Amino acid sequence: MSLQYSECIEACYACATACDNCAASCLKESDLDMMRECIRLDMQCASLCRLAAQFMALDSEFARALCQICADICQKCGETCGKHQADHCQACSRACLHCAQVCRSMN
């Protein structure tokens, strides 16, 4: 694995884990309709973060392009989760916004 990618890979996996936790926790909330967009973005963000980390670990020529897309979805997910007061949403928001920042630095 390229050393240049190590911080971004770590941020992507941390974000994916936070998104998985957030989605699972949101499914336990009493008002699922209110959490629908949060859950949808959590699932997409977690998947893309894992894919971006995999491409970086493979030192793929497409890794940087995936990081830019990953930054976009992390930003959107972080903003959406940040609107909810639940601890899991706030933790997810922080992880997503951090990942977005690190992924943007990969260009």
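The values are calculated or read from the model by the stated rules, or taken from the named source; none is laboratory data. This one's a predicted model, so the numbers in the text were calculated from it and none came from an experiment. We place every Cβ from the backbone using ideal geometry, glycine too, and count neighbours over all the protein chains shown. Ligands, DNA and RNA are stripped out before the accessible areas are found, and what is left, the full protein with its side chains, is counted by its heavy atoms. Shrake-Rupley method; radii C 1.70, N 1.55, O 1.52, S 1.80 Å.
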For residue 42, state whether it is modelled with pLDDT of 95 or more and not basic (Lys, Arg).
-> yes
Within region 1-47, how many residues turn out to be farther than 19 Å from residue 98 by Cα, open to solvent by 100 Å² or more (accessible area, probe 1.4 Å) and hydroxyl-bearing (Ser, Thr, Tyr)?
-> 1
Residue check for residue 50: open to solvent by 20 Å² or more (accessible area, probe 1.4 Å), without any contact (Cβ under 8 Å) to a residue 60 or more places away in the chain and under 11 Å from residue 11 (Cα atoms) | yes
Is it true that some residue in region 75-96 is modelled with pLDDT under 95, aliphatic (A, V, I, L, M), part of a helix (DSSP H, G or I) and on the phi < 0 side of the Ramachandran plot?
-> no
Since residue 24 meets every condition but one in (1) assigned to a helix (DSSP H, G or I); (2) in contact (Cβ under 8 Å) with a residue 12 or more places away in the chain, which condition does it not meet?
-> (2)
